[in-house]
1. Give the residue list of trypsin sites (Lys or Arg not before Pro) in the range 26-77 that are DSSP loop and have at most 14 other beta-carbon atoms within 10 angstrom.
2. Please compute the Cα-Cα pair-distance distribution of the range 203-388 with 5 Å bins starting at 0, giving whole percents from short to long.
3. Hey, if you put +1 on the Cβ of every Lys and Arg and -1 on every Asp and Glu Cβ in the chain, which of 238, 419, 3 ends up farthest toward the positive end of that dipole?
4. Placing +1 at every Lys and Arg Cβ and -1 at every Asp and Glu Cβ, with all other atoms neutral, what dipole size does the range 388-507 have around its Cα centre, in debye to the nearest 20?
5. Give the separation of the Cα centroids, the range 173-197 to the range 273-318, in Å.
6. Hey, how many Å between the Cα centroid of the range 230-248 and the Cα centroid of the range 475-511?
7. Within the chain, what percent of beta bridges assigned by DSSP are antiparallel, to the nearest 5?
8. Which whole-Hz ³J(HN,Hα) couplings does the range 189-195 yield from phi under the Karplus relation 6.51 cos²θ - 1.76 cosθ + 1.60, θ = phi - 60°, glycine and proline marked x?
Amino acid sequence: MNQDNLDKIIIIDYGSQVTQLIARKIREIGIYSEIINFDKSKKIKENKFIKGIILSGGPLTITKSNSLNLPDNILKLKKPILGICYGHQILAKKFGGSVKISKTREFGFAQIKSDKRCPLTKNFFNNEKNSVWMSHQDIVTRIPSGFKKIASTQNSKFAIIANEKKKFYGVQFHPEVTHTKNGKIILKNFVLNICQTKRMWSLRKQKDLIINDIKKRVKNEKVICALSGGVDSSVVAFLLNKAIGKKLKCVFINTGLLRKNEEKEVIKNFKKKLKSNLIYLDASKLFFNKLKNVTDPELKRKVIGKLFIKLFENKAKKIKFLAQGTLYPDLIESRSVTGSPTSKIKSHHNVGGLPKNLKFTLVEPLQTLFKDEVRKLGKELLVPKAILQRHPFPGPGLAIRIPGKISKYKIKVLQEADYIFIDELKKSNLYHKIWQAYAALLPLKTVGVMGDSRTYEYTCMLRAVTSQDGMTADFYNFDKTFIQKVSNRIINSVNGINRVLYDVTSKPPSTIELE
Ligand code: XMP
């Protein structure tokens, strides 16, 4: 996607866990923002569309000689700069101030007090005070000449500093996190008033830009897309459908490892809404045969992944382009400052996302978007709500929710239990409060009693977690009445299960899925 002609704010990433939030908040204001990692930022050249620079927070200390600094080419741009946390300390140090490692860490909420007015803090303070979110150990102990102290907290004498002439600002706290009250006002003041950026970013405009872009790239060629029925692949299919209509070939492979009624719903949704060709392949027998006697979790994933790709390739002969739902966070090398590779990419997870060594030219129309933006774009494209708000579902499907050997019988039992759990969540308005919920079938039979008879059946495990991005997660705290209702309904209506457990582990140390 070509974003070259949009006013933009560049965010230099020094490795903070919340850098992406800065970009999202700025886009919410209606301005395009791009995250560039520190190494790449050294190559940024003068460009009339760059209106301002934000220096992110980061895990390093500017007091050490190997710390990351502010590249000179950035200063040569002569644009307004806002430093956040580590970025604030970089600014102070760069122009002759001092930063020291403090004895006390400042972590969590802090009360900030205004000392002077400045354009950055217009409407930010409530009666000269506010509550902000801090996460740092180093502090600025002396500010450079030309800078003024604007606000302070108990631990940070220079919590906000400003050089109004040069339009350089530094904040020790994190305005991008929701815990900072009025944090967005700081970002708004910076990008709209100080940088004078025009609001050119909206998902409605993006939709048209992306569609035109696809048309230009693909011309008369065909494009193939692996459809899973999840949010990303669905939005990609709807975009391509608008752009190239019948030249799009969507392949939906039924692995036999889907949830109850899933294949019917996917076919119904897409047949009705898309002019494109939908190729439905029922490969459930093939998958069951290949998985017979496979118990090792990694082997299961490999068997499923390999067969999926083989079937897909068969359908994709003579097609040049492959459309994929790669998202912006997948492309950001945000962790590289600490020496570790981008940890977002999970190599063992790429069943839906096909490997890059397939011989296609990639079309990745979502690559500048965040997940919540993809949902909004989907709304613009009239993707059914039920698809847009679905919980994530792994490529290997129910196979990784049945530890040990899988069988048609187990899949059927699990589908019924899972359906009940999700149905109850929806009825109690809990579905959208939860990142992901599912039932699993444990390879464990226990004795129970139903009526006057002894039973010896499988154990069902329920899992429900809250999360931002699936990388870390907390188990959801249901009240007893709800979980009891689900348990009763499963036991009473699903043959094959006589015991229900709830998983109360977070990630880490567990993972969301079982295998
Ligand atoms: P874990 O189990 O690693 O899962 O905590 C994190 C998130 O990733 C999803 N997941 C997958 N998604 N293909 C996918 O498309 C996969 O192979 C896969 N494995 C796990 C999981 O459902 C959760 O949302």
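We did not get these values from a lab; they are worked out from the coordinates using the rules stated. Quick caveat: nothing in here was measured; it's all calculated off a predicted structure. Every residue, glycine as well, gets a Cβ built from its backbone with ideal geometry; the counts of neighbours run over all protein chains shown.
1. 42, 43, 45, 48, 64
2. Each 5 Å bin holds this share of Cα pairs: 1, 7, 16, 19, 20, 17, 11, 6, 2, 0, 0.
3. Farthest towards the positive end: 3.
4. On the way: 17 positive and 10 negative charges, 51 e Å.
It comes to approximately 240 debye.
5. 47
6. 37
7. Working: 38 of 77 bridges.
Restricted to the chain, the bridges split so that about 50 percent are antiparallel.
8. Along the range 189-195, the couplings run 4, 5, 6, 8, 8, 7, 7 Hz.
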